[in-house]
Structures are given as C-alpha cells and as structure tokens.
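The values are calculated or read from the model by the stated rules, or taken from the named source; none is laboratory data. Remember, predicted model here, so these are calculated numbers, not experimental data. Cβ placement follows ideal geometry from the backbone for every residue including glycine, while neighbour counts extend to all protein chains displayed.
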Amino acid sequence: MLASLAVTAVLTTATMAAPSLPELAVSSGRLKTLVAAVQAADLLETLGSEGPFTVFAPTDSAFSKIDESTLNSLLEEPGRGTLRRILTHHVVPGRLDAALLLERDEIETLAGTTLPLDSFRDRLLVGDAVVETANLEASNGMVHLIDRVLLPPAPESPLRAFLERAIERGVPLFNDGTPEACAAVYATALDAVVTSEGWGVTAQQLPNLQNSIRDAASIGDAAERAWAYRRIIDSLWRGMPQGQQARLDDGNVRSIFNFEDPSTVRRWNIVLDGVMGGLSTGRIAAGDNTLQFTGSTSLRNNGGFSSMRASIPAGSLNGYDAIRLRVKGDGRNWIVGTRKSTSMGADSFWTRFDTTEGEWIDVMVPISEMERHFFGERLPGDIRPDQVRGLEFYIYDKKAGPFSLEIDRIDAVRSSSS
C-alpha cells in the first residue's frame with residue numbers, strides 16, 4: 001500500500017512538473033509561428049485548459065511553405081475566424097501517443113473535421129503531413145511535430161448538403177432506368193430552393209434560376225430533363241451564377257470544371273512532397289478563364305513532386321467513360337488522377353500524359369485504364385466513373401526545376417462519341 005502511494009506521489013509530481021501545451025510550444029524553439037497563430041486565434045486559454053488534447057503542431061518550416069501575405073491575412077481580422085478553424089483542425093481531444101494513432105484509420109478534431117491516419121515506411125502520416133517528432137509530453141496532452149500545415153475542408157453549406165442528398169437519391173434512379181423519377185427528385189429539390197429562404201440564393205440570381213428550372217421542366221424527354229435539372233444543381237453546388245452553368249453538348253460531353261468564374265479556382269488545393277521530406281513548391285492562380293499551376297520540383301530529401309487536388313459532386317461522371325482535358329504545359333510529363341473519396345489520403349488512380357511547351361493540347365483519359373497508386377507505387381485495383389469524387393494533377397517525373405500547367409477545362413465524355 002505504501003509503495004503504491006509512493007509511486008502515485010512520484011507520478012503526480014512528474015505530471016505537475018510537465019509544461020502545459022502552450023508552454024511546451026513556446027519552449028520547443030521550433031513552433032514560434034504556431035504560438036503566434038494560437039495567440040491571434042485566441043486559443044491559448046483552450047489549449048492551456050485541463051484537456052487533455054493531442055496537438056499536431058506544424059513547425060516553423062511548415063508555416064514557411066505558406067505564402068507570407070496569406071499568413072499575415074490570417075493573423076489579422078477578418079481572417080482570424082478562418083485561422084481558428086485551421087488551428088482546431090490540428091487538435092484532437094484526448095492524449096494520443098503515436099502507438100495509439102497507428103491503431104486508428106482516422107480521428108475527429110476540435111473543428112469537427114476528420115483527419116485520416118496512415119503509415120508509410122515506418123513514418124506516421126496525418127492527412128498529408130508526416131510526423132517528424134512524436135510523443136512530446138505536456139501536463140494536459142501530447143504534441144506531435146508535423147511537416148506541413150493541414151488545411152480543413154471548406155465548411156459545408158446547407159445548400160450544398162441539401163443538393164448532394166438530392167443527387168444521391170436521383171443518380172441510382174437514373175442508372176436503374178427510371179429517369180422520370182430522377183427528374184422528379186431533382187425538380188422537387190430545386191423547387192424547395194427557389195420557394196424557401198436560407199439557401200444563399202441572391203435576389204439577382206433568383207430570376208435566372210427560376211427561368212432555368214422552367215426551361216428544364218419543358219423538356220419532353222425524361223433523361224434530357226433530368227440532365228437539365230442536374231446541370232442547374234451542379235451550377236448551384238459550385239456557387240456559379242446561372243449564366244455560367246455546366247455545359248452539356250448533345251449528351252456526350254459534360255463540363256466538370258471550367259474557370260470562367262475565378263472563384264472555381266479556389267476549389268483546388270496544393271499538396272507537396274513533404275511526406276518524404278521534400279522541398280518542392282506549388283502555387284495556384286486564376287488566369288484568363290483558366291487555372292494556372294506553377295512552382296518548382298526539388299529532388300532533395302527524396303522529394304520530387306508537387307500536386308493539386310479538388311473534390312467533385314457524387315455522380316459527376318455517371319454515364320461517361322473518359323475525362324478530357326484542355327491544357328497548356330511546359331514540355332514535362334504530367335499525371336492526372338482520380339479518387340474515390342473527398343478525403344485526401346494517399347490512394348489514387350493515375351494516367352500520365354506528355355505536354356508540349358507553350359501549346360494547348362487535348363488529352364483523352366479513359367477511366368478504365370487509370371492505374372491505382374499509393375505514394376507512386378503501382379497497386380492492383382481500378383475505379384469506376386460513378387466512384388469518382390476527386391480529381392488531381394501531379395508533376396512527378398523525377399526531374400528538378402520549374403513547372404507550369406494551365407488548364408482551360410476538364411470535361412466528362414462518352415469516348416465512343418467523342
């Protein structure tokens with residue numbers, strides 16, 4: 001009994017002596033930017049509370065990969081709300097050491113988001129970040145140093161969630177040979193949007209939206225009517241004005257991305273080669289009705305790739321068997337990829353294509369021929385058009401130097417009719 005009490009006393013003393021999470025961050029010497037961000041986001045009190053919390057802490061080097069003007073805008077109003085969401089995306093309730101994390105596939109954060117967990121070559125992966133230093137003990141939690149800042153998914157708007165549910169109900173009906181029922185589901189959803197408030201549709205958008213719905217309702221063929229409604233739903237989902245709806249050319253081509261609306265560019269996110277400790281860079285910008293992806297690949301530290309990714313609505317490629325790209329490249333070899341989930345894990349399906357420097361080219365990618373890859377290693381498996389929920393582009397040709405890819409559009413096509 002006395003021995004047990006003595007052990008308890010020693011453990012209690014050790015726990016009291018341990019620094020809190022904020023104190024540990026300050027003393028580490030590698031988390032100065034994170035400390036400043038936590039202060040700006042008014043999270044010191046939260047992270048200094050009893051907890052416990054597990055913090056995936058981006059190092060100063062990780063923050064240095066973010067454009068300086070972007071970082072400064074987050075540290076000041078009105079960007080602090082976004083900053084708070086980003087930081088809480090790095091915090092998980094509970095005290096989780098690396099061994100416990102390796103037993104899980106994902107964890108839920110204080111931001112209400114989910115972080116996928118994985119391992120690769122004896123390294124713990126959290127989302128797209130690598131844990132550089134694990135199991136730093138604090139009195140009220142645990143800290144793991146990571147090599148990049150993890151960006152949470154954009155908050156789902158009620159309108160998007162509502163429209164996705166309509167799509168999830170309509171797509172199986174269409175595929176089962178009852179386009180009339182699919183069209184009815186879509187029409188009911190759109191009617192709810194135009195006849196009730198709270199969806200974010202402006203007074204300026206409403207007349208065009210009502211006209212588009214009326215035009216769709218007048219189409220006699222049920223399948224074409226369903227597709228007309230679906231184009232309206234997709235344009236709302238993407239937040240595009242009704243004058244810029246997704247294009248459908250005689251049923252054989254469907255626009256997945258065009259960049260007439262510059263806000264569409266913001267749906268794409270950068271993922272770099274920090275998984276292997278690499279030093280490559282990447283930037284996304286809006287061009288003249290295009291998306292521009294530029295940067296530089298570095299082969300140092302086993303790196304060598306830069307990529308960008310975006311999610312797309314469920315069912316976007318249903319009924320189509322290929323993806324067509326209109327791109328202008330730099331003469332290097334590129335990869336276009338698809339994913340089965342909006343989660344940014346490592347599993348994806350690739351096709352390589354060559355570019356001609358400074359020239360626009362069309363690239364046709366049969367979905368059935370896309371190869372499954374995990375961190376560049378070929379694996380068995382395939383992806384069907386109805387499973388595609390994400391698109392990506394990689395520069396990963398084992399060469400160092402600047403790169404540039406400009407994208408005019410991405411279409412789903414029926415290749416037999418293209």
Would you mention how many residues in the stretch 4-36 are closer than 18 Å to Leu136 by Cβ and at pLDDT 85 or above?
-> 17
The residue from Arg409, Arg389, Arg384, Arg378 that alone is in the same structural domain as Ser341 (by TED's automatic domain parsing), in contact (Cβ under 8 Å) with a residue 60 or more places away in the chain and out of contact with any Leu (no Cβ under 8 Å at 6 or more places or on another chain) is Arg389
Within the stretch 229-257, of all residues that are at pLDDT 85 or above and either among the small types (Gly, Ala, Ser) or in a strand (DSSP E or B) (or both), the one farthest from Ala187 (Cα to Cα) is Phe257
When you go through Leu117, Leu100, Leu110 one by one, which is the residue that is within 23 Å of Leu47 (Cα to Cα) and more than 23 Å from the chain's Cα centre (by Cα)?
-> Leu100
Counting only residues that are outside any helix (DSSP H, G or I) and either farther than 24 Å from Asp234 by Cβ or at pLDDT 90 or above (or both), the stretch 152-194 contains a total of 1
Check the stretch 336-351 and report whether any residue there is in contact (Cβ under 8 Å) with a residue 60 or more places away in the chain and assigned to a strand (DSSP E or B).
-> no
Are any of the residues in the stretch 310-320 surrounded by 14 or more Cβ atoms within 10 Å (Cβ to Cβ), under 24 Å from Gly401 (Cβ atoms) and either in the same structural domain as Ile233 (by TED's automatic domain parsing) or of a type outside the set (Asp, Glu) (or both)?
-> no
Answer yes if at least one residue in the stretch 258-275 is touching a helix residue (DSSP H, G or I) at 6+ places or on another chain (Cβ under 7 Å), modelled with pLDDT under 85 and assigned to a helix (DSSP H, G or I), and no otherwise.
-> no
Number of positions in the stretch 184-198 that are surrounded by fewer than 17 Cβ atoms within 10 Å (Cβ to Cβ) and either touching a helix residue (DSSP H, G or I) at 6+ places or on another chain (Cβ under 6 Å) or of a type in the set (A, V, I, L, M) (or both) | 2
Among (1) at pLDDT below 90; (2) closer than 30 Å to Ser415 by Cα, which single condition is Thr290 missing?
-> (1)
Selection within the stretch 366-396 - farther than 20 Å from Ser311 by Cα and either in a strand (DSSP E or B) or more than 23 Å from the chain's Cα centre (by Cα) (or both) | Glu369, Glu377, Arg378, Leu379, Pro380
Just give me the residues in the stretch 369-409 being charged (D, E, K, R) and under 19 Å from Asn269 (Cα atoms), in sequence order.
-> Arg389, Glu392, Glu406, Asp408, Arg409
Name the residues in the stretch 74-105 that are out of contact with any helix residue (DSSP H, G or I) (no Cβ under 9 Å at 6 or more places or on another chain) and without any contact (Cβ under 8 Å) to a residue 24 or more places away in the chain, would you?
-> Glu77, Pro78, Gly81, Ala99, Leu100, Leu102, Glu103, Arg104, Asp105
List pairs: first in the stretch 29-44 and farther than 15 Å from Arg80 by Cβ, second assigned to a loop (DSSP other than H, G, I, E, B) and among the β-branched types (Val, Ile, Thr), Cβ under 7 Å, 6+ apart or cross-chain?
-> Arg30/Thr59; Leu31/Thr59
Starting from residues that are within 17 Å of Ala98 (Cβ to Cβ) and in a loop (DSSP other than H, G, I, E, B), keep the ones in the stretch 110-122 and report whichever is modelled with the lowest pLDDT.
-> Arg121
Single condition Gly358 does not satisfy, out of (1) at pLDDT 95 or above; (2) surrounded by fewer than 17 Cβ atoms within 10 Å (Cβ to Cβ) = (1)
Can you name every residue in the stretch 47-73 that is in contact (Cβ under 8 Å) with a residue 40 or more places away in the chain, outside any strand (DSSP E or B) and out of contact with any Asp or Glu (no Cβ under 6 Å at 6 or more places or on another chain)?
-> Leu47, Gly48, Ser49, Glu50, Gly51, Pro52, Thr59, Ser61, Phe63, Lys65, Ile66, Asp67
Hey, any hits in the stretch 152-172 for a residue that's in contact with a Leu (Cβ under 7 Å, 6 or more places away or on another chain) and closer than 30 Å to Leu83 by Cβ?
-> yes
